[in-house]
Amino acid sequence: MEVGMDLIHDSGVQMVQYLQTNYKDSQNLFLFISFAADLRNTFFVFFPIWFHLCQSVGIKLIWVAVIGDWLNLVFKWILFGQRPYWWVHETTYYENSSVPFVVQFPVTCETGPGSPSGHAMGSAGVYYVMVTALDSILVHEKCSSFIKWCLHAVTWTAFWGVQISVCLSRIFLAAHFPHQVVTGVISGILVAEMFSHTHLIYKSNLKKYIQTTLFLFIFALGFYLFLKAFGVDLLWSVEKAKRWCANDKWIHIDTTPFAGLLRNLGTLFGLGLALNSQFYVDGCKGNQGQRLSFKLSCIVFSIIVLHLFDSFKPPAKIELLFYFLSFCKSAAVPLTAVAIIPYCLSHMVNTPNKKHFSTD
């Protein structure tokens with residue numbers, strides 16, 4: 001088994017070297033793709049756009065992203081996947097030959113285990129939701145079979161183009177082996193497909209959101225503590241990242257397993273809080289909330305405010321404080337886009353009308 005994995009890892013390292021050698025000039029492109037595939041962009045960009053254009057798609061995006069990343073964490077803890085940038089230094093596979101040299105980048109030094117790839121899994125799940133939604137919007141019954149085929153071909157070619165780009169990017173950066181990104185893509189699609197048949201998420205009240213958030217947190221924490229009691233440290237990868245990262249400044253606390261967990265759970269909790277608030281009812285549920293101009297205004301202002309909001313970085317010196325503030329910051333994202341921004345815009349639009357009627 002170990003020999004087989006060594007062969008798989010070695011072939012993966014060879015692919016890393018091949019990409020880094022032959023596509024060195026594409027470094028900035030690969031870095032951008034890796035940045036764009038981060039789930040942060042789902043929460044700060046894709047979610048506000050889709051929620052105000054089609055609320056069900058926006059809600060599904062959050063659930064797929066959060067549950068998918070939670071499952072990714074559990075899979076990482078079970079599979080104990082290596083990462084190329086530290087595996088080449090610790091394996092005995094190269095004891096009779098020179099250790100392959102792989103280039104590291106500022107985004108290489110992820111501190112969690114490597115399998116499956118979180119970027120690939122998150123990207124596959126999120127883009128699967130968006131492409132299927134786009135498909136259903138563009139393809140009408142009145143369309144001819146040829147037009148339907150062309151639309152399907154365009155949307156799904158774009159989908160697979162994005163997934164291949166994300167996979168190549170993560171391999172180029174020496175953050176993942178090829179089999180890890182492939183596993184991530186397959187897992188992400190399965191999660192998204194699962195939620196295509198789950199309609200309870202659209203009717204969940206605040207109690208359901210709180211119960212789901214607590215269950216996901218307690219399960220992950222319990223799983224971690226249970227194995228730790230038997231001498232299995234699920235944070236083993238953090239030590240490897242600190243030891244083999246080429247630059248200590250490239251190691252960030254927000255890449256640790258629990259940081260990602262609390263960040264995602266905060267987003268889910270914030271969505272439940274927003275959808276069950278009076279602000280949401282007053283801002284999005286009235287006649288004003290159905291107008292395209294109002295929806296577009298909500299999208300623009302949400303993206304601007306969230307971009308400014310994202311510039312706030314919780315202090316990383318005190319770990320528990322960082323986790324708590326990350327949870328609160330993430331909860332504020334859907335609360336702002338779903339409830340606060342629409343309510344404020346609706347109030348601003350209705351105020352002049354009230355003054356007009358009062359003068360009459």
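Mind checking the range 285-325 for chymotrypsin sites (Phe, Trp or Tyr not before Pro) that DSSP puts in a loop (not H, G, I, E or B) and that have at most 15 other Cβ atoms within 10 Å?
On the way: sites: Phe294, Phe301, Phe309, Phe312, Phe322, Tyr323, Phe324; in loops: Phe312.
Qualifying residues, ordered by number: Phe312.
List the pairs from Lys60/Lys207; Lys76/Lys203; Lys76/Lys207 whose alpha-carbon separation is above 22 Å, in the order I gave them.
From Lys60/Lys207; Lys76/Lys203; Lys76/Lys207, over 22 Å: Lys76/Lys203; Lys76/Lys207.
Got a number for the accessible area of Arg263? Probe 1.4 Å, square angstrom, nearest 10.
70
Give me the accessible area per residue for the chain, probe 1.4 Å, as a whole number in Å².
51
Please work out whether the range 26-181 counts as rounded, prolate or oblate from its C-alpha gyration tensor, where a ≥ b ≥ c are the square roots of the eigenvalues and a/c under 1.5 means rounded, while otherwise a/b larger than b/c means prolate and anything else oblate?
prolate
Given a 1.4 Å probe and every protein chain left where it sits, what share in percent of the accessible area of the chain is carbon and sulfur? Walk me through the numbers on the way to the answer.
On the way: 12360 of 18380 Å².
Here it works out to 67 percent.
Checking the a/c ratio against 1.5 first, then a/b against b/c, what shape does the Cα gyration tensor give for the range 11-100?
Note, shape of the range 11-100 comes out oblate.
Using 0.36 nm per residue, how much length does the chain from Asn96 to Asn276 gain when fully extended, once their Cα-Cα distance is taken away?
Residue separation times 0.36 nm, minus the Cα-Cα distance, leaves 58.5 nm.
How much mean residue ellipticity at 222 nm does the chain get from its helices, if each DSSP H run of length 4 or more adds -39500 (n - 2.57) and you divide by all residues, to the nearest 500 deg cm²/dmol?
Using -39500 (n - 2.57) per qualifying helix, the result is -23500 deg cm²/dmol.
Just how far, in whole angstrom, is the range 59-78 from the range 232-252 if you go by their alpha carbon centroids?
22
Taking the structure as given and computing P(r) over Cα pairs in 10 Å bins from 0, in percent, which label from [x] 5, 22, 30, 24, 12, 5, 1, 0, 0, 0; [y] 5, 20, 25, 20, 13, 9, 5, 2, 1; [z] 5, 25, 36, 26, 7, 1 fits?
Identified label for the calculated read-out: [x].
Give the Kirkwood hydrodynamic radius (Å, one decimal) of the range 156-311, defined as one over the mean of 1/r across all pairs of different Cα atoms.
About 19.7 Å, per the Kirkwood formula over Cα pairs.
How much length is gained on full extension from Cys328 to Lys313, taking 0.36 nm per residue of separation minus their Cα-Cα distance?
The Cys328-Lys313 span can extend by a further 4.2 nm.
What aspartates and glutamates sit close enough to Lys295 to cross-link, taking a C-alpha to C-alpha distance under 15 Å and skipping anything fewer than 8 places away on the same chain?
Output for Lys295: Asp282.
Express in nm, to one decimal, how much length is gained between Leu227 and Ala153 on full extension, taking 0.36 nm for each residue of separation and deducting their alpha carbon distance.
Gain in length upon complete extension: 22.0 nm.
From the protein chains alone at 1.4 Å, what is the descending order of accessible area for Trp77, Trp70, Trp149, largest first?
Largest to smallest exposure gives the sequence Trp149, Trp70, Trp77.
Put a dot 7 Å past each Cα toward the Cβ at Leu292 and Asn41; how far apart are the dots in nm?
Taking the two extended label points, one gets 2.7 nm.
Distance in nm between label sites at Leu321 and Gln55, each 7 Å beyond Cα in the beta-carbon direction?
The two pseudo-label positions are separated by 3.9 nm.
What FRET efficiency comes out for the pair His197/Tyr23, r = Cβ-Cβ distance, R0 = 56 Å, nearest 0.05?
Calculated value: 0.90.
Once the other residues with Cβ under 14 Å from the Cβ of Val181 are scored (Lys, Arg +1; Asp, Glu -1), what is the net sum?
+2
The values are calculated or read from the model by the stated rules, or taken from the named source; none is laboratory data. Because the structure is a prediction, the values reported are computed rather than measured. Positions of Cβ are backbone-derived with ideal geometry, glycine not excepted, and every protein chain shown enters the neighbour counts. Accessible surface is based on the protein model in full, side chains and every heavy atom, while ligands, DNA and RNA are left aside. Shrake-Rupley method; radii C 1.70, N 1.55, O 1.52, S 1.80 Å.
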